[in-house]
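The values are calculated or read from the model by the stated rules, or taken from the named source; none is laboratory data. On a predicted model such as this, the values are computed, not experimentally measured, just so you know. We place every Cβ from the backbone using ideal geometry, glycine too, and count neighbours over all the protein chains shown. Just so you know, the surface numbers come from the protein's heavy atoms only, side chains and all, with ligands and any DNA or RNA stripped out. Shrake-Rupley method; radii C 1.70, N 1.55, O 1.52, S 1.80 Å.
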Amino acid sequence: MVIAMRRSEETEPGVITLRFGHWQLEASVREAIDEMAADYRKIHPNVRIIQDAIPEMTYGQWLTTQLMGGTAPDMIEVGMVQYHLLVQYLNRYFLPLSRYVGAPNPYNEGTPLEGVPLRNTFKDGMRSSYYEEVQAYMIIPLSQFGIRIFYNKDLLKRLTGREDPPTEYRDFLAVCEEIKRHKDPTGQPYTPIASSKYHLPMWEYPLLDPLTYPLLREADFNRDGFVGNDELFVAIKTGRIHFRHPAIEARFRMLDELSDHFQPGYTGLGRDEAVFLFAQQKAVFMTTGTWDAWSLQEQAQGSFSVGVMDYPRPVPEDPVYGDLVEGPNYERMYGGFPIGITRTCKHPDVALDFLLFLAGKEQNEKLNGIIGWIPSVKHTELDEFLKAFQPHLQGVYGCFNPNLGGETWIRWLQLYSLYQVKKISFDELVARFEPFYIERGMTDFLEQQKDWRRGMHNNEQVLAGLRASALHSDGDEAQSYWVRYKTLLGSRQLWAEIGHARQMKMVMGELELPERGPYEYKEATLQRIRKHILGEAG
Amino acid sequence: MDQALAEAWEKYREGEFRGAVRLFEGVVDKLDTSDPRHLKALYGLATTHALRRPDPNREMATVLHRQVIASDLEGDLAAWSLLALARMKHLVSVGQTPDYNEAREAYQEVIDRFPDHRASHEAFLYQQSTYVVDMDLQSTAATLERLKIFIDSHPDSPYLSLLWALRSTCCETLGRPDEWLEAEIMAWETAELDPMNPLQDFAWNTWRIATIAEFEVGDFESAKTYYTRLVQEYPEDIRVHAAKAGLKRMEEMAQRIRKGE
């Protein structure tokens, strides 16, 4: 019996065939990779690139079986599995790329990035490539992503007479009201916003969640600039804050107002249904990301013009939200379309060279230009249409995460679903969830503490590996290992244990809460400030 | 054999513990005990048995670490093996509470036997942290004094930044804001940055110092210095917006106070 393997079938003598696996089924991605592969072949005639484009829905399972079976493509898009599995896979099945990130990318010769270390050629400084748990750079990010509101320019003008989209929240609501008053050719009212369960988080993260930023002042007990789910629990359990906090209430009130303009039953709909509504010109606005930019324009071609607008935030004078909106939502430069090289790759140097080619300034610009995405490399030009996706590098962010896992989270999801479809009010949501969160949440909080304890054993394992690396190397390399070792030791073992102990004592009522929140003045501090400033003035 | 040792550690890091054990055992079996690589392999084997998942073999690890200690009396690996034994007492299974007294004694053994070794400084750090977790004021105050003495007598300790950070934690617990700020600044000034890690920066430390200065000490000058450093040195950091707001808030408050409001 002869078992014909695709890989061997396609390999001609002297030709190196590399497989490139990913979940981007959009035609433009496959077309772009093919074109870049053809460009690469012009300078490396013996290298052929074959794509394995796998649907998103099955990608995680496919990735797992391919990696475990030793049949994974040479280069592969990394993701679509749970993070802890991803870390294990990276550790076991992928080649670390750390040794290459300090050297210049040869494909940047003759460009402003010539001689620049690879990691400094990326807009995100390759932060998205580095995995703390593996202590190494593992992937090359080929694109950047962002989310904004897409709108039908022609329909907006026809229904509201406006050339430009609203930039402020109240104005946006008024425009939505105006849109609803009009009927489409079938006699149905227009839908202001095409939404779905897929699209809802793209309203929550940039517009609703930042309203909860004021919680930071009261609940960031460890002063890291974030309110973790554990800190929120401690704050609520101890009565420092309540679910009726104005910032939390505002977040839910705004959802209520916005969802009045979504199509009915949006929570039961998927991505395609919302896109269909938008493409059929029955809705004016839809929030989505750069990954849909090209395909939406394609669908609209010949029918209408697609515009991109930022999220319409309330102004400081807003009677309801004004005091709570402290700025735009913070967005960090972060690379996407992450490609790693598998350990089973027979020609890792060639695979790396192809990825460096794709990460060269001109090539990355071309790749993303064909796809319609934002290049991940600095000094690249991007499509005019995508300029609206430039991230807000200064701003605020959500500080409300009630996810403690376990039954608490299930109860939250059930109640929040009811709230989304207006089956319960905010008052009912709070009345039904807060007591459960405080009581049952304790069990889930304690379970989280156990997870943290389990994590300490894993950290110890990583530390021993780092220590061995440090002991077996010398000079700068050894020094680098020791720095990593001490950083991990401090953050994951020492402070974690002390921090968790402190939280436990607060929750159990064994440690008194500080008089005020971490970013609120205590009376004693105020006195010192007065004394100091008046003394200074005198 | 050097290659086999390197591969064994590589397997360990990949989580391929069986492969690591096989390779370490191969080196142990093939080399005479007088060869220093024999000891290295023994240490690697002990480490793997102690930390392998999901089935660690702590008994075997203890036996092997003790062999390393017995064979290497004054050596580098003996110090690390002794620390590993202490860590096993401190890092207990999920659901159990460590016997802190036992762990402290084990750490003390490292400190006594290898007083100048890096492992001893690490042992001291872990040992002192066990006195701080309870938040007991008396115990924390005593720890603070021990940390002061240690830092004074070991100004070049490789763990200096972490020692200062632990000192800062003590001051926080004890409610001594001025000392807290000083320790936090020293922890920051003595910290090292891994140039290879793009996720590691001092933005968080800078933010902490600024907010401790503003809200705990009422030292606007220091707060201003560190908020400004955050804005200038980490312009894309998530806390920059808040740092700018802090600078504005302090300026406005100072003006109000000067006006007598």
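Out of region A:90-110, which residues are surrounded by 19 or more Cβ atoms within 10 Å (Cβ to Cβ) and out of contact with any strand residue (DSSP E or B) (no Cβ under 9 Å at 6 or more places or on another chain)?
The one that is surrounded by 19 or more Cβ atoms within 10 Å (Cβ to Cβ) and out of contact with any strand residue (DSSP E or B) (no Cβ under 9 Å at 6 or more places or on another chain): A:TYR107.
Scanning region A:117-162 for residues that are part of a loop (DSSP other than H, G, I, E, B) and modelled with pLDDT of 95 or more, which turns out nearest to A:GLY335 (Cα to Cα)? Show your work before the answer.
Residues of region A:117-162 part of a loop (DSSP other than H, G, I, E, B): A:123-126, A:132-135, A:138-139, A:145-146, A:161-162.
Applying the additional criterion that residues be modelled with pLDDT of 95 or more yields A:138-139, A:161-162.
Numbers: A:MET138: 13, A:ILE139: 10, A:GLY161: 38, A:ARG162: 35 Å.
Across region A:117-162, the extreme among qualifying residues is A:ILE139.
Are any of the residues in region B:57-69 under 25 Å from A:GLN449 (Cβ atoms) and in contact with a Leu (Cβ under 9 Å, 6 or more places away or on another chain)?
Applying the first criterion (under 25 Å from A:GLN449 (Cβ atoms)) to region B:57-69 yields B:58.
Filter again for in contact with a Leu (Cβ under 9 Å, 6 or more places away or on another chain), leaving none.
The answer is no, given that none of the residues of region B:57-69 is under 25 Å from A:GLN449 (Cβ atoms) and in contact with a Leu (Cβ under 9 Å, 6 or more places away or on another chain).
Of the residues that sit in region B:200-219 and are outside any helix (DSSP H, G or I) and modelled with pLDDT under 95, which one is farthest from A:THR525 (Cα to Cα)?
Top of the filtered list is B:GLN200.
Of everything in region A:446-462, what is more than 25 Å from the chain's Cα centre (by Cα), in contact (Cβ under 8 Å) with a residue 40 or more places away in the chain and open to solvent by less than 50 Å² (accessible area, probe 1.4 Å)? Give them in sequence order.
Passing the criteria: A:GLN449, A:MET456, A:VAL462.
Considering only residues that are more than 20 Å from the chain's Cα centre (by Cα), closer than 24 Å to A:CYS399 by Cα and not in a loop (DSSP other than H, G, I, E, B), which ones fall in region A:297-339? Step through it out loud before you land on a result.
Kept after step one, since they are more than 20 Å from the chain's Cα centre (by Cα), are these residues of region A:297-339: A:297-307, A:312-326.
Among the residues that remain, those that are also closer than 24 Å to A:CYS399 by Cα are: A:312-326.
Passing the criteria: only A:ARG313.
May I ask you to list pairs of residues, at least six apart or on different chains, whose Cβ atoms are under 6 Å apart, with the first in region A:79-98 being within 20 Å of A:PHE337 (Cβ to Cβ) and the second being open to solvent by less than 50 Å² (accessible area, probe 1.4 Å) and in a helix (DSSP H, G or I)?
Pairs that qualify, where the first residue is within 20 Å of A:PHE337 (Cβ to Cβ) and the partner is open to solvent by less than 50 Å² (accessible area, probe 1.4 Å) and in a helix (DSSP H, G or I), are A:MET80/A:TYR59; A:MET80/A:GLY60; A:VAL81/A:GLY60; A:TYR89/A:LEU67; A:TYR93/A:LEU67; A:LEU95/A:PRO348.
Check region B:152-172 and report whether any residue there is acidic (Asp, Glu) and within 26 Å of A:PRO514 (Cβ to Cβ). Spell out the reasoning first.
At the first step, the residues of region B:152-172 found to be acidic (Asp, Glu) are B:152, B:156, B:172.
Narrowing further to those that are within 26 Å of A:PRO514 (Cβ to Cβ): B:172.
Scanning region B:152-172, I find at least one residue that is acidic (Asp, Glu) and within 26 Å of A:PRO514 (Cβ to Cβ), so the answer is yes.
State all residues of region A:358-372 that are open to solvent by 10 Å² or more (accessible area, probe 1.4 Å) and either touching a Pro at 6+ places or on another chain (Cβ under 6 Å) or among the hydrophobic types (A, V, I, L, M, F, W, C) (or both); if no residue qualifies, say none.
A:GLU365, A:ILE370
Only one residue in A:PRO201, A:PRO206, A:PRO214 is assigned by TED's automatic domain parsing to the domain that holds A:HIS242 and free of Cβ contacts under 8 Å to residues at least 24 places away in the same chain. Which one?
Details: A:PRO206 fails: free of Cβ contacts under 8 Å to residues at least 24 places away in the same chain; A:PRO214 fails: free of Cβ contacts under 8 Å to residues at least 24 places away in the same chain.
After applying the criteria, what remains is A:PRO201.
In region B:218-239, which residue that is surrounded by fewer than 19 Cβ atoms within 10 Å (Cβ to Cβ) and facing another protein chain (nearest Cβ under 9 Å) is farthest from B:PHE202 (Cα to Cα)?
Checked region B:218-239; the qualifying residue farthest from B:PHE202 (Cα to Cα) is B:GLU221.
Would you mind finding the one in B:ASP112, B:ASP134 that is within 12 Å of chain A (Cβ to nearest Cβ), open to solvent by 30 Å² or more (accessible area, probe 1.4 Å) and farther than 21 Å from A:VAL483 by Cα?
Working: B:ASP112 fails: within 12 Å of chain A (Cβ to nearest Cβ).
So the residue among B:ASP112, B:ASP134 that is within 12 Å of chain A (Cβ to nearest Cβ), open to solvent by 30 Å² or more (accessible area, probe 1.4 Å) and farther than 21 Å from A:VAL483 by Cα is B:ASP134.
Taking the residues in region A:490-507 that are of a type in the set (A, V, I, L, M, F, W, C) and either facing chain B (nearest Cβ under 7 Å) or over 23 Å from A:ASP224 (Cα atoms) (or both) as candidates, determine which candidate is surrounded by the fewest Cβ atoms within 10 Å (Cβ to Cβ). Spell out how you get there, then give the answer.
Looking only at region A:490-507, we keep the residues that are of a type in the set (A, V, I, L, M, F, W, C), and these are A:494-496, A:498, A:501, A:504, A:506-507.
Filter once more, keeping what is either facing chain B (nearest Cβ under 7 Å) or over 23 Å from A:ASP224 (Cα atoms) (or both): A:494, A:498, A:501.
Values: A:LEU494: 21, A:ILE498: 21, A:ALA501: 17.
Among those that are of a type in the set (A, V, I, L, M, F, W, C) and either facing chain B (nearest Cβ under 7 Å) or over 23 Å from A:ASP224 (Cα atoms) (or both), it is A:ALA501.
Pull out all pairs, ordered by first then second residue, where Cβ-Cβ is under 7 Å, the residues are six or more apart or on different chains, the first lies in region A:473-496 and is assigned by TED's automatic domain parsing to the domain that holds A:MET456 and in contact (Cβ under 8 Å) with a residue 12 or more places away in the chain, and the second is outside any helix (DSSP H, G or I) and open to solvent by 20 Å² or more (accessible area, probe 1.4 Å).
These pairs meet every condition: A:TYR481/A:SER473; A:TRP482/B:PRO158.
Name the single residue that is farthest from B:ASP194 (Cα to Cα) among those in region A:463-476 being open to solvent by 50 Å² or more (accessible area, probe 1.4 Å) and part of a helix (DSSP H, G or I).
So, considering only residues that are open to solvent by 50 Å² or more (accessible area, probe 1.4 Å) and part of a helix (DSSP H, G or I), the one farthest from B:ASP194 (Cα to Cα) is A:LEU471.
Please go through region A:227-256 and pick out each residue that is open to solvent by 40 Å² or more (accessible area, probe 1.4 Å) and assigned to a helix (DSSP H, G or I). Steps first, please.
Residues of region A:227-256 open to solvent by 40 Å² or more (accessible area, probe 1.4 Å): A:237-238, A:240, A:242, A:244, A:246, A:249, A:253, A:256.
A:LYS237, A:PRO246, A:GLU249, A:ARG253, A:ASP256 - these are the residues of region A:227-256 that are open to solvent by 40 Å² or more (accessible area, probe 1.4 Å) and assigned to a helix (DSSP H, G or I).
Among residues belonging to region A:131-163 that are without any contact (Cβ under 8 Å) to a residue 60 or more places away in the chain and in contact with a helix residue (DSSP H, G or I) (Cβ under 8 Å, 6 or more places away or on another chain), point out the one that is surrounded by the most Cβ atoms within 10 Å (Cβ to Cβ). Break it down into steps so the answer makes sense when it comes.
First, pick out the residues of region A:131-163 that are without any contact (Cβ under 8 Å) to a residue 60 or more places away in the chain: A:131, A:134, A:136-137, A:157-158, A:160-163.
With in contact with a helix residue (DSSP H, G or I) (Cβ under 8 Å, 6 or more places away or on another chain) added as a condition, the list becomes A:131, A:134, A:136-137, A:160, A:162-163.
Details: A:TYR131: 20, A:VAL134: 20, A:ALA136: 22, A:TYR137: 25, A:THR160: 19, A:ARG162: 14, A:GLU163: 8.
Of everything passing the filter in region A:131-163, A:TYR137 is surrounded by the most Cβ atoms within 10 Å (Cβ to Cβ).
Here are B:LYS244, B:LYS248: which of them is over 20 Å from A:CYS399 (Cα atoms), surrounded by fewer than 21 Cβ atoms within 10 Å (Cβ to Cβ) and more than 7 Å from every other protein chain (Cβ to nearest Cβ)?
Details: B:LYS244 fails: over 20 Å from A:CYS399 (Cα atoms).
Among B:LYS244, B:LYS248, only B:LYS248 is over 20 Å from A:CYS399 (Cα atoms), surrounded by fewer than 21 Cβ atoms within 10 Å (Cβ to Cβ) and more than 7 Å from every other protein chain (Cβ to nearest Cβ).
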